[in-house]
Amino acid sequence: LCTSLLASVSVSAQQKPKYLAQPLISTIYTADPSAHVFNGKIYIYPSHDIESGIPENDNGDHFNMRDYHILSLDRIGGPVTDHGVALDIKNIPWAGRQLWAPDAAYKNGTYFLYFPVKDKSDVFHIGVATSKNPAGPFKAQPKPIAGSFSIDPAVFVDDDGSTYMYFGGIWGGQLQRWKNGKYDANGSKTDWQKDDAPAISCQVAKLNGNMLEFSGTVKNALIVDSAGKQLTGKDHDRRFFEGSWMHKFNGKYYLTYSTGDTHYLAYAIGKTPMGPFVYAGHFMQPVQGWTTHHSIIKFKGKWYIFYHDTQLSGKTHLRNVKVTQLYHNANGTIKMINP
Ligand code: FUB
């Protein structure tokens, strides 16, 4: 019995495939990978990190990206194709600087690329571009999505076709500067600085059937503790910072996000796509580099998390995307990933 147990332990250790948790591509720097399965293939919509010489600061000015490249692969562990420039900042009429984390969706023969970028007054909004091909090139709409603000759009299509965008990020993502639909340029550089007040919420909006507009008003995707009380501003280990994602597992809605300055990926579970979401824990330990940003997909019956770290460069603004497996426990919790 002992011998066969030892044999099975060493086999499973050896079986961890080498391509998991390794950079998916090393010819360009990529980050913030939003993965989707389109036409049986995996498409990754990442940020394209570049060295622009801007010194690092808490505002994230050093993340000065100028275009998007889309990646695809037929199978996990298979070759990764870089499809070249899919959208350039110079072709977004309203853009100023900093093309940050994008996402994509598909409806009725059209692919939609959602992207945050600062406008010419240095205020982040979210734009949308369309293509007939999942890998682009994409053509941007002339204006940002009306009523959009801040960063990190994540678009989730529910089983009934209803579509929701989760978005927002504090500090450099400017979410703390928005109140009642107005931007305060002199607002805080970090958060509301109110430790005992409810933390700033991730934002959620339903999309119209045309996928180009919000339907109705933007709502707070509330994250509450098991007693139903909203997490507070001082709770940096658990509160929302940026980089949200939504996946559905066993009929429940899993809002996953980065805790930012404490560098965890955390999750909260809701009964509806609009929340509230009950905080359930961390599911990924900090990666190498300041930022942590992910997406979760099911592909051929297995769940995967796409994420980034700074293995190739050692610099926080020159990141590389990776993938590894994600496991749900029978009780609905997510197994901790130690990258
Ligand atoms: O890539 C720029 C920003 O860094 C993203 O928008 C955030 O989520 C963080 O990953």
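Observations
- Hits in segment 222-259 - residues which are among the aliphatic types (A, V, I, L, M), more than 16 Å from the ligand (Cβ to nearest atom) and surrounded by 14 or more Cβ atoms within 10 Å (Cβ to Cβ): LEU222, ILE223, VAL224, LEU231
- Looking only at segment 41-66, and only at residues there that are acidic (Asp, Glu) and under 26 Å from TYR257 (Cβ atoms), the one that is surrounded by the fewest Cβ atoms within 10 Å (Cβ to Cβ): ASP58
- Listing of strands (runs of 3 or more DSSP E) fully contained in segment 30-120 that carry 1 or more residues being more than 17 Å from VAL155 (Cα to Cα) and touching a residue at least 12 places away in the same chain (Cβ under 8 Å): 41-49, 67-73, 81-88, 95-97, 110-119
- Taken over segment 1-29, the criterion of being modelled with pLDDT under 90 and either assigned to a strand (DSSP E or B) or of a type in the set (Ser, Thr, Tyr) (or both) is satisfied by THR3, SER4, SER8, SER10, SER12, TYR19.
- Of the numbered criteria (1) over 14 Å from ILE170 (Cα atoms); (2) out of contact with any Ser or Thr (no Cβ under 6 Å at 6 or more places or on another chain); (3) not aromatic (Phe, Trp, Tyr), the one SER244 fails is (1).
- Cβ-Cβ contacts under 7 Å between residues 6 or more apart (or on different chains), taken from a first residue in segment 274-293 that is under 12 Å from ARG238 (Cα atoms) and more than 16 Å from the ligand (Cβ to nearest atom) to a second residue that is open to solvent by less than 20 Å² (accessible area, probe 1.4 Å) and in a loop (DSSP other than H, G, I, E, B), are listed as TYR279/LEU231.
- Per the listing TRP171, TRP178, the residue uniquely of a type in the set (A, V, I, L, M, F, W, C), touching a residue at least 60 places away in the same chain (Cβ under 8 Å) and closer than 16 Å to VAL123 by Cβ is TRP171.
- Residues of segment 156-182 classified as within 19 Å of ASN250 (Cα to Cα) and part of a strand (DSSP E or B), total: 4
- Restricted to segment 284-317, and to residues there that are of a type in the set (Val, Ile, Thr) and either closer than 17 Å to ASP261 by Cβ or over 15 Å from the mean Cα position of the chain (by Cα) (or both), the residue that is surrounded by the fewest Cβ atoms within 10 Å (Cβ to Cβ) is THR316.
- Single residue of segment 263-273 satisfying the filter (away from the ligand (no atom under 14 Å from the Cβ) and either closer than 25 Å to SER72 by Cβ or of a type in the set (Ser, Thr, Tyr) (or both)) that is least open to solvent (accessible area, probe 1.4 Å): TYR267
- Enumeration of residues in segment 131-146 that are of a type outside the set (A, V, I, L, M, F, W, C) and either over 14 Å from GLY109 (Cα atoms) or touching a residue at least 24 places away in the same chain (Cβ under 8 Å) (or both): SER131, PRO134, GLY136, PRO137, LYS139, GLN141, PRO142, LYS143, PRO144
For (1) within 11 Å of the ligand (Cβ to nearest atom); (2) open to solvent by 20 Å² or more (accessible area, probe 1.4 Å), each residue gets a yes or a no:
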residue	(1), (2)
SER34	yes, no
ASN39	no, yes
ILE70	no, no
ARG75	no, yes
THR81	no, yes
ILE92	no, no
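- Test result for GLY127, touching a strand residue (DSSP E or B) at 6+ places or on another chain (Cβ under 7 Å), open to solvent by 10 Å² or more (accessible area, probe 1.4 Å) and assigned to a strand (DSSP E or B): no
The values are calculated or read from the model by the stated rules, or taken from the named source; none is laboratory data. Nothing here was measured: the structure is a model prediction, and the numbers come from that model. As a convention, Cβ positions derive from the backbone with ideal geometry for all residues, glycine included, and neighbour counts pool all protein chains shown. For accessibility, only protein heavy atoms count, side chains too; no ligands or nucleic acids. Shrake-Rupley method; radii C 1.70, N 1.55, O 1.52, S 1.80 Å.
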